[in-house]
Amino acid sequence: MIPREVLRQVRRIEIRTRHLVTDVFGGEYHSVFKGRGMEFSEVREYAPGDEIRTIDWNVTARLGHPYVKLFREERELTVILLVDQSASGAFGTRRRFKAELAAEVGALLALSAVQNNDRVGLVLFTDRVELTVPPAKGRRHVLRVVREILYHRPQGRGTDLRGALDHLSRTQKRRAVVFLLSDFFAQGYEQSLAVASRRHDVVAVRLRDTREEVLPSVGLVALRDLESDRPLLVDTSDRGVRRAFAERVAERERSFSAAVRRSRVDSVDLWTDRDVVVPLAGFFHQRMRRR
């Protein structure tokens with residue numbers, strides 16, 4: 001039985017994201033994520049000005065005068081939300097947790113897809129693939145997707161980005177738009193990201209929190225690593241500790257930037273303490289200009 005509070009949260013997310021889809025992102029999504037190409041529609045008689053290469057020679061030979069093929073955009077897409085549910089998603093110092101941010105963004109992207117008659121699928125992962133929801137259409141399906149992101153209780157705690165991407169490459173044979181929602185606190189996923197991006201249109205959506213970027217000087221602090229569950233006692237007033245923390249953050253940033261650049265993957269950063277509208281709108285507009 002799904003708790004009533006989860007259902008209320010799903011409903012709140014739907015109301016908010018539905019407004020954003022209608023007023024802000026609907027047109028951008030349609031422009032940015034095109035269909036698979038052009039599909040045959042019908043034939044008609046040749047008219048002056050028609051491209052010669054569109055002539056249907058079989059029909060022309062059968063009927064004795066020229067006919068041309070007409071095509072239409074094959075609009076339907078498959079959208080896959082590949083969502084990191086490792087224990088670090090339970091972190092958030094202001095406004096919301098990273099897991100809640102993932103649910104809000106997932107709902108926004110899924111509703112945009114459904115409004116454009118696209119199919120939406122879901123893969124939840126930690127250090128293993130936790131749950132797979134096959135792609136389908138419709139509002140009810142989207143609400144199920146959001147509910148699973150919010151309500152699913154993962155068995156694993158760690159992050160295996162490589163395993164999740166390899167699972168995607170094995171199971172999703174049809175080209176898809178893949179939104180990878182994660183904080184990217186992982187290593188060894190670069191090759192798998194490159195392989196997935198050659199088959200699919202992959203967008204890396206990085207979920208971030210300010211306190212994971214800068215360590216303030218507040219004395220001794222008892223911490224716990226969410227993914228390993230290991231307790232830590234950190235002297236944040238020690239300059240060496242803060243310097244080592246900053247170097248590790250910088251190395252993680254360099255590693256992520258190099259991975260998406262080599263894989264030719266688009267990326268967008270979203271923060272737990274900020275609205276998602278501005279960075280997502282900026283991402284859509286930048287991608288439209290590039291196309």
Carbon/sulfur accessible area of the range 151-291, % of total, 1.4 Å probe, equals 49
Using a 1.4 Å probe on heavy atoms of the protein chains only, the accessible area for Phe185 in Å², nearest 10, reads 60
From the Cα centre of the range 172-231 to that of the range 118-169, the distance in Å is 15
Counting only protein heavy atoms and rolling a 1.4 Å probe, one gets per residue an accessible area for the range 140-291 in Å² of 55
Given 200-211, 146-157, the highest-first ranking by average Cβ count within 10 Å works out to 200-211, 146-157
Between the residues Ile80, Phe185, Val195, the Cα farthest towards the positive end of the dipole of the range 77-219, that dipole coming from +1 and -1 charges on the beta-carbon of Lys, Arg, Asp and Glu, is from Ile80
Reported to the nearest 10 Å², Lys69 has, with a 1.4 Å probe, an accessible area equal to 80
Placing +1 on each Lys and Arg Cβ and -1 on each Asp and Glu Cβ in the range 54-151, then taking the dipole about the Cα centre, the residue among Gly106, Gly64, Thr126 whose Cα reaches farthest towards the positive end is Gly106
Per its Cα gyration tensor (rounded if a/c is under 1.5, else prolate when a/b beats b/c, else oblate), the range 113-168 is best filed as oblate
Computed ³J(HN,Hα) along the range 163-176: with the Karplus parameters 6.51/-1.76/1.60, θ = phi - 60°, integer Hz and x for glycine or proline, the list is x, 5, 5, 5, 4, 4, 5, 6, 9, 9, 6, 7, 4, 9
For the range 202-291 the mean separation of alpha carbon contacts under 8 Å (6+ apart) over residue count, i.e. relative contact order in percent, is 37
One can check that the equivalent ellipsoid of the range 147-196, built from the alpha-carbon gyration tensor with semi-axes equal to the square roots of five times its eigenvalues, has lengths in Å, largest first, of 20, 16, 10
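The values are calculated or read from the model by the stated rules, or taken from the named source; none is laboratory data. Values in this document were obtained by computation on a predicted structure and should not be read as measured data. Glycine gets a Cβ as well: all are built from the backbone with ideal geometry, and neighbour counts include every protein chain shown. Heavy atoms of the whole protein, side chains included, go into the accessibility calculation; ligands, DNA and RNA do not. Shrake-Rupley method; radii C 1.70, N 1.55, O 1.52, S 1.80 Å.
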